[in-house]
Structure formats: structure tokens, C-alpha cells
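The values are calculated or read from the model by the stated rules, or taken from the named source; none is laboratory data. Note that the structure is predicted; figures quoted are calculated from it, not measured. Positions of Cβ are generated from backbone atoms using ideal geometry, with glycine treated the same way; all protein chains shown enter the neighbour counts. All accessible areas refer to the heavy atoms of the entire protein, side chains included, with ligands and DNA or RNA removed. Shrake-Rupley method; radii C 1.70, N 1.55, O 1.52, S 1.80 Å.
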Amino acid sequence: MLFTAELRSATTAGNKKLSHTPGIVIVRRPTRLEGLRQRWGTLGQARFVMSNRQSFSEPAKFESGLSKTAQGRVGNRRSTQTELGAKSAATIEHEVSFSEYEQEDTIYQRVLERLESELSFGVPISVVDRSLVPTMDFWKMAVVVVVGQDGLVANTAKYVGDVPIIGVNPDPIRFDGILLPFKVEQARRAVQRVLDQQAQIRRVTLAEVLLNDSQKLLAFNDFFVGRANHASARYTIQTSGKSEAQSSSGILISTGAGSTGWMSSVFNMAAGVAQMLGTELASNISLSWEDRKLLWAVREPFKSQRTQATLVAGVIDEGEGLIIESLMPDGGIIFSDGVDSDFLPFNSGTIAKITASSQCAHLVIP
């Protein structure tokens with residue numbers, strides 16, 4: 001399995017650490033509370049910072065710089081808040097937010113503890129943070145249990161090869177969990193069926209980009225080809241025997257799984273423009289997760305003396321590819337599934353071919 005150039009050295013180190021005994025991997029993510037703790041050092045400091053932040057409705061120092069009329073408006077709002085007692089409305093709001101973070105974290109940590117306890121089948125169990133997934137070697141693992149959200153399943157699927165993935169929804173009240181069909185109490189049974197080779201598996205088509213220097217990257221939902229700073233991207237695009245130079249906000253290439261996500265926003269925009277012009281647009285195009293096809297669309301193509309906008313959307317059938325050559329001296333990137341830290345450089349001299357990958361994600365379904 002190939003990763004971005006930046007990750008290859010880390011991959012070698014990770015391979016040496018992971019046992020090759022078939023086992024179970026639990027992939028977890030940091031909660032929002034853990035993120036606050038990492039940012040501020042301690043939870044006490046994080047709580048203090050949040051509770052002492054002033055909102056624009058409070059009598060903050062900025063009032064002195066306001067006009068008398070504006071100060072009057074602030075004073076009127078402040079008087080309505082005196083009913084709340086000693087605590088300001090902003091302080092109460094921050095305390096509620098912090099309490100929500102604590103509840104979410106408590107539920108998540110309990111789910112992880114329960115999974116570690118209940119998934120004891122006499123095989124090794126490894127709990128892996130999502131940041132380490134690209135550095136792991138999963139090829140001899142029996143099953144990967146991903147403890148959601150949905151995006152964690154998508155980003156894990158690119159690195160685990162053919163190993164079955166069980167998506168567990170740790171908090172159904174908070175997460176819809178389209179890719180998380182199992183509740184925590186169903187996880188043991190799901191893992192048991194995988195170990196007994198009796199699980200139902202859904203094979204999901206992945207997208208693959210191959211560069212002319214042999215680097216590869218996979219995508220569960222979509223690829224973005226453009227510039228890191230979202231300025232105009234310059235490139236040539238080739239498909240179905242046609243080619244043209246373009247300048248745009250980038251190109252989006254979507255799998256069937258991703259066709260109802262970011263790609264759908266492109267169709268929503270097109271439908272809105274068509275409605276403004278008094279014309280009707282066909283309903284959004286979407287593919288099934290198993291379809292061996294990809295959708296692609298150019299975002300905001302710009303016509304000029306040197307650039308065209310006739311190749312703006314299409315379907316990549318199995319066995320075909322979309323070929324893009326960079327005309328950007330620097331700042332060009334290709335990233336997958338909305339994670340711009342997981343990217344390939346795409347600068348002048350680089351040619352990318354994007355196809356439906358021969359590798360599929362194997363999602364366990366109830």
C-alpha cells in the first residue's frame with residue numbers, strides 16, 4: 001500500500017512496531033474535550049479560558065471605543081442580562097458548551113473501554129489514534145473497528161487494504177453514522193462474524209491517483225486537485241480524447257460514496273444558476289457505492305485568451321482515466337477526503353491520472 005511521500009519514512013517505522021499476529025485494531029479519534037486539553041494544557045485552564053471569554057454583548061473594553069449611540073445599545077442589552085444573576089449570559093453559554101464537551105468525552109471513553117473489554121477473543125488488540133493510521137501496517141490484521149464519526153471510516157479505509165472495517169457509532173444521539181451501522185452493544189457479534197468468516201461485506205469503490213513519479217493516493221469520497229491557498233489553479237485536462245488548458249478553483253473527482261457529499265454541492269450550485277436563468281436542470285447525478293465509475297467537475301472554470309471551459313464535468317468509466325498536468329510552479333496539491341494534510345504535491349512537470357482503483361474498501365454491514 002502506498003502513501004504520500006511525506007508519510008513513507010514514518011510508514012517504515014510503524015511497520016516495525018506492529019505485531020504481524022492476526023489481531024483487532026480499534027481506531028479512535030480525539031474528542032473535542034481532548035482537543036481543548038491539548039490546546040490549553042489542562043482542562044482547568046481550558047474551562048477558565050472559555051468561561052472568561054467576553055462576547056460582544058458584554059461590557060467589555062471595546063465599549064470605550066464605541067459611539068454614544070452604540071454604547072447605549074450595548075447598555076440596553078446588558079440590562080436585560082441582569083436577570084441572569086452574577087453570571088453573564090456569555091459565561092453560562094460557555095459553561096453549557098464545556099459541559100457538552102465533557103458529556104461527549106465521557107460517553108466516548110466509556111465506549112472505548114467497553115470495546116477493549118468485550119472484544120477479547122484471545123487475539124492482540126491495538127488501539128490506534130487516527131493520526132497514526134497512515135503509519136500502520138494492517139495487512140495481517142483480522143478486522144479494523146472504527147469508532148466514528150463517518151469521516152474516520154472514510155480516512156481509515158484508504159490505508160487498511162482488504163481488511164474488513166466495522167464502523168461503530170459511539171453516540172447515536174450526536175452522530176448520524178451513515179458509515180457507522182453498528183452500536184457498541186453489537187460490536188462483539190460483528191467482530192465474531194468476521195473472525196468466523198461469516199460477515200456480510202459491502203465492497204466500496206475507491207478512487208486512485210497515480211503521478212508520473214509513481215506516487216499514489218487513494219480516496220474514499222473524493223479528490224481535490226488545485227492550489228493549497230485556493231487561488232486559481234492552472235493545468236491542462238485530458239479526457240475522452242479531448243484536451244484543453246484551464247484556469248479554475250480546482251477539480252473535484254468523486255466516488256459513488258462521495259457523490260452525495262461535496263460533489264452534490266457542485267450540482268446544487270448549477271441548479272441554482274439554471275433556475276435563475278429560467279431553465280430546468282436534471283436532478284443531481286449520483287452513483288452507488290459499488291459503481292466502478294467516478295464523477296468529476298471543474299469548479300468555477302474561467303475563460304480567457306489562454307484558457308477554455310468546455311471540459312467541465314463528466315464520468316470516468318472503469319478502465320478509463322482523467323489526466324491532469326500541472327502548470328503551477330508551486331502551491332499545487334492533490335488531497336483526498338477533505339484532509340488537506342494528506343496530499344501529493346502537484347507542481348509544474350507533474351502529471352496525474354485519476355481512475356477507479358482496483359482496491360476496494362470492505363465495510364461490514366449488519
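Here is how the numbers come out for the structure above:
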| item | result |
| --- | --- |
| Residue identified as open to solvent by 70 Å² or more (accessible area, probe 1.4 Å), more than 30 Å from Phe48 (Cα to Cα), in a helix (DSSP H, G or I) and out of contact with any Asp or Glu (no Cβ under 9 Å at 6 or more places or on another chain) among Leu132, Leu115 | Leu132 |
| Residue among Gly258, Gly314 that is crowded, with 19+ Cβ neighbours inside 10 Å and among the small types (Gly, Ala, Ser) | Gly258 |
| In region 91-112, residue farthest from Lys183 (Cα to Cα) [restricted to those that are modelled with pLDDT under 90 and open to solvent by 80 Å² or more (accessible area, probe 1.4 Å)] | Glu93 |
| Region 293-331, residues that are farther than 30 Å from Arg203 by Cα, without any contact (Cβ under 8 Å) to a residue 60 or more places away in the chain and of a type in the set (D, E, K, R) | Glu300, Lys303, Asp330 |
| Options Glu290, Glu320: the member that is closer than 23 Å to Ala257 by Cα, modelled with pLDDT of 95 or more and more than 25 Å from the chain's Cα centre (by Cα) | Glu320 |
| Selected residue (only one of Asp222, Asp213, Asp196 is out of contact with any Pro (no Cβ under 9 Å at 6 or more places or on another chain), of a type in the set (D, E, K, R) and without any contact (Cβ under 8 Å) to a residue 40 or more places away in the chain) | Asp196 |
| The listed residue being within 12 Å of Thr255 (Cα to Cα) and either in contact with a strand residue (DSSP E or B) (Cβ under 9 Å, 6 or more places away or on another chain) or open to solvent by 40 Å² or more (accessible area, probe 1.4 Å) (or both), out of Leu363, Leu294, Leu322 | Leu294 |
| Condition met for Ile333 (open to solvent by less than 20 Å² (accessible area, probe 1.4 Å), modelled with pLDDT of 95 or more and of a type outside the set (S, T, N, Q)) | yes |
